[in-house]
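Chemist: Handing you this structure, nothing more for now.
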Amino acid sequence: MSVVWIALVLSGVLEAVWATALDASRGFRKFWPSVVFAVSFIASMAGLAFAMTGIAVGTAYAVWVGIGAVLTAAWAMITRRDRATVLRVVLLIGLVGCVVGLKAVS
């Protein structure tokens, strides 16, 4: 895997971090979750921008969003902020399949 793909995957993980921190910040009323949000948001965007130097914008953005969405949803189910259902898990697995497919055809 090339360095741009590694950056893209890490940026997708950071997307899940900032989304979760944004929720935990309670509208930026809690200091540390707000700091985690800001730092992870900037790092995630910088990584996405770097990844786009070697990956087409449509593919990079779709993979970035897919990774972030799957991890954020999975974390919400693990921490019981969202209800885990068989259908939700199946749909998340499908999303993972789409992300892997985009990598495979790139």
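Chemist: Which pairs have Cβ atoms under 7 Å, sit 6 or more apart or on different chains, and link a residue in region 46-64 that is touching a residue at least 12 places away in the same chain (Cβ under 8 Å) to one that is of a type in the set (Asp, Glu)?
Modeler: Partner pairs satisfying both residue conditions: TRP64/GLU15.
Chemist: Let me ask something additional. Identify, please: which residue in region 1-51 is outside any helix (DSSP H, G or I) and closer than 15 Å to LYS103 by Cβ and is, among those, modelled with the lowest pLDDT?
Modeler: MET1
Chemist: Can you tell me how many residues within region 71-106 are touching a residue at least 40 places away in the same chain (Cβ under 8 Å) and in contact with a Gly (Cβ under 9 Å, 6 or more places away or on another chain)?
Modeler: Qualifying residue count for the region: 2.
Chemist: Right, something else. From the list GLY101, GLY66, which one is exposed (fewer than 15 other Cβ atoms within 10 Å of the Cβ) and among the small types (Gly, Ala, Ser)?
Modeler: GLY101
Chemist: Next up: Please tell me if SER40 is surrounded by 18 or more Cβ atoms within 10 Å (Cβ to Cβ) and in contact with a Pro (Cβ under 6 Å, 6 or more places away or on another chain). Don't jump to the end; show me each part of the working.
Modeler: Numbers: surrounded by 18 or more Cβ atoms within 10 Å (Cβ to Cβ): yes; in contact with a Pro (Cβ under 6 Å, 6 or more places away or on another chain): no.
Here the answer is no, as SER40 does not meet what is asked.
The values are calculated or read from the model by the stated rules, or taken from the named source; none is laboratory data. This structure is a prediction, so every number in the text was calculated from the model and none was measured. Using ideal geometry, Cβ is built from the backbone for each residue, glycine included, and neighbour counts are taken over all protein chains shown.
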